């Protein structure tokens, strides 16, 4: 079987908004049974069919990097922002502050290379300076429906400013991303955009790659050849920064367990 290309997608947002629950639901098609806090970063992987049903259909790996939202780890988070191809901004629909803070999360990612402490987010500068795809996800939609007498949540201003798609989800619902639903269609469309920018736009690197003259590893071995003794079998491995090649400066190739099912102890940030 041929090697499978990959893209890296960050999930960022305040602590407690449900990033890990969302990641687990997307990757396993079922709610997480025992959520807990993410320390550092948790990595999950899913297979995605790019432009499914067309002659261009191809299987890709989507790496979902669930970044812990604790403010005490802010200075150490930058290591996870290397070579990013897409961003999912997650907020709690019952917590307005978590939505407002999405601007700070975007600013943190955009400014990490220059070491800037600036927390302001300029949407015009963002749209003009990068094409990175963004998806905005509002969690706990069931609670909002109860509060607002079953009315749909309002669209967020940051989604409009960034030209991003937006979905509302109850991460406790198994069918939140069932095939054919609006959420599933928008999520698939977002992943297609990420893959298109990374592999089909005439550029070899994503917008946040630190050095455009170098190519990071971009393929995995086929599932049949995964090394079951990989260090990623250890849950604690998810909370450590990835190892970098001493010459190229890029993360070294990741080898996943053959089951593609990870046992994690740090969840539901």
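Observations on the structure shown:
- Total residues in region 163-191, condition in contact (Cβ under 8 Å) with a residue 60 or more places away in the chain and in contact with a helix residue (DSSP H, G or I) (Cβ under 9 Å, 6 or more places away or on another chain): 10
- The helices (runs of 4 or more DSSP H) found entirely in region 1-114 that carry 1 or more residues being under 26 Å from residue 198 (Cα atoms) are 19-28, 102-111.
- Close contacts from region 71-84, counting a first residue that is modelled with pLDDT of 85 or more and a second that is part of a helix (DSSP H, G or I), with Cβ to Cβ under 6 Å and a gap of 6+ residues or different chains, come to 81/109.
- Selection of region 112-143 for residues being modelled with pLDDT of 80 or more and out of contact with any helix residue (DSSP H, G or I) (no Cβ under 8 Å at 6 or more places or on another chain) yields 140, 141, 142, 143.
- Condition check for residue 59: surrounded by fewer than 20 Cβ atoms within 10 Å (Cβ to Cβ) and in contact (Cβ under 8 Å) with a residue 40 or more places away in the chain: yes
- Here region 1-44 is the region considered, the condition is being touching a strand residue (DSSP E or B) at 6+ places or on another chain (Cβ under 6 Å) and surrounded by fewer than 19 Cβ atoms within 10 Å (Cβ to Cβ), and the residue that is nearest to residue 174 (Cα to Cα) is 27.
The values are calculated or read from the model by the stated rules, or taken from the named source; none is laboratory data. The model shown is predicted, which means the values in this text are computed figures rather than measured ones. Cβ atoms come from the backbone with ideal geometry, glycine included; neighbour counts cover every protein chain shown.
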